[in-house]
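What follows draws every value from the coordinates through simple rules; no lab data is involved. No experiment lies behind these values; they were computed from the predicted model shown. Ideal geometry is used to build each Cβ from the backbone, glycine not excepted, and the neighbour counts take in all protein chains shown.
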Amino acid sequence: MKKQLFSILIVLISTGVFAQEKVNFSEKFKKENQGKYKIEINEVKELLHIMIAITNSGKENDDMIQQEGQYYKDILAHFKAYENEKIIKTFDSLMVFSPYNYIFLTGNAISYNFKGNKLVKSAVFDFPATGVANFKITENPITRYKRDIEDFAKKSRFRKFYTDHKQFYARIISDYEKSANLGRQWKWLEKNFETKKDSYIILCSPLINGLNYTGQFLNNNFSLIHMSLPPVDHYPHLTPLENELANTRVMFTEIDHNYVSAPTQANKELINQVFAQRKIWVNEEADGIFAYPNPEKVFNEYMTFGVFLLYCQDHYDQATSDKVTNDVVVLMTQRGFPKMKIFVENLMKTRSAHPEEKIDQWYPEFLQKFSDEK
């Protein structure tokens, strides 16, 4: 089965994703969400995931669509009869044209809510997904295809399907509350970085597999970090601790893009100098490495995983931290980042020399350690 690593291609960070001016954070919204986080399986977003899952592109890509488990079987049993609907063919053509359309369809789904069989505009999210990397759109695709989406939902009895699976969705949300440690991650990041965020939302779907993305909305002096993530995993061959670490890594390396980006921007000139010789820092033969076309993006990918290892160092015993470090070095090397070992060694040394300082403050010293790698 064809498998494209969209999770490598699309890393959405706060500086270039969902435009700030397309959300509306009222004073009431701010008060209700300040300092809080929530996990949600949004109804309209789930509809879009299901519609994409039955396109040819979705059926052929088990990285984009989670194709294991009873839920996927339920999807096929209920919706396969509608795979030849015109709107499904339209969505498939969009995905063929650009995989970024996956983001524009699922990311903009939160701009509408169901009211009966109709979609009505959200009072909070107007046009949340306007750009990915250098790819921009000027029209909300949910608005453009609103009538066709409504017709598909009605014809396929989607809302009944969603209602019938609410207990399943509730278990996924409960599992996140128990296992993901989002609050602990948030607290650690704000202790160790100068950046502060006001609220978090995890937009989950059982159909999400390898394509995870994150970004932030800024409006009315309020920052909301959003993450599109799969359910928490429970691998039977792993111990409870190993499962915790695996799930934490998936979430943490999305969240910390929103904290790493500010000091990276502040030191962009130095990063461009130190990481200028691309062949040293990336393996061009690795799948998806072209998603990191410049020194800044290459550095950020190294750094987001490196910061995860600092988090593990602070929360787990030495043996566990050492094992996670080794696993991450192997993973990153396989993904096309061959200098992860020296990167982590320099990161640990610099952090040890400045245990009470924010990571932002020792960025320049850390970067200077790579001068011999140029």
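Averaging 1/r across all pairs of distinct Cα atoms in the chain and inverting the result yields a Kirkwood radius of 21.6 Å. Panel order for Ser156, Ser205, by other beta carbons found within 10 Å of each beta carbon, from fewest to most: Ser156, Ser205. Within the same chain, lysines fewer than 8 places from Lys30 are excluded, and of the rest, those with a Cα less than 24 Å from its Cα are Lys22, Lys38, Lys45, Lys121, Lys187, Lys191, Lys196, Lys197.
Against the chain, whose longest principal axis comes from its Cα atoms, helix 257-266 is set at around 50 degrees. Each helix, a run of at least 4 DSSP H residues, gives -39500 (n - 2.57); summed and divided by the residues of the chain, these come to -15500 deg cm²/dmol at 222 nm. With neighbours defined as other Cβ atoms within 10 Å of a residue's Cβ, the residues Met340, Met64 order from fewest to most as Met340, Met64. Only Cα pairs under 8 Å and 6+ residues apart enter the sum, and on that basis the relative contact order of the chain stands at 22 percent. Classify segment 238-373 from the C-alpha gyration tensor, please: rounded if a/c falls under 1.5, else prolate or oblate depending on whether a/b exceeds b/c. The shape class here is oblate.
Positive end of the dipole of segment 161-298 (Cβ unit charges, origin at the Cα centre): among Ser223, Phe275, Tyr176, the Cα lying farthest that way belongs to Ser223.
Only one residue of Gln167, Asn140, Gln334 has its Cα farthest out toward the positive end of the dipole of the chain, where Lys and Arg carry +1 and Asp and Glu -1 on Cβ, and that residue is Asn140.
Taking the longest Cα principal axis of the chain as reference, the axis of helix 146-155 is set at about 60 degrees.
Using C-alpha pairs below 8 Å separated by at least 6 residues, the relative contact order for segment 261-374 is 37 percent. Neighbour counts of other Cβ atoms within 10 Å put Arg147, Arg351 in the fewest-to-most order Arg147, Arg351.
Could you give the angle, 0 to 90 degrees to the nearest 10, between helix 340-353's Cα long axis and the longest principal axis of the Cα atoms of the chain? Helix 340-353 sits roughly 60 degrees off the main axis of the chain. Candidate cross-link partners of Lys118 among the aspartates and glutamates, defined by an alpha-carbon separation under 14 Å and a same-chain spacing of 8 or more, comprise Glu43, Asp148, Glu150, Asp151. Among the lysines of segment 312-374, pairs at least eight places apart or on separate chains and with Cα atoms under 14 Å apart come to 6.
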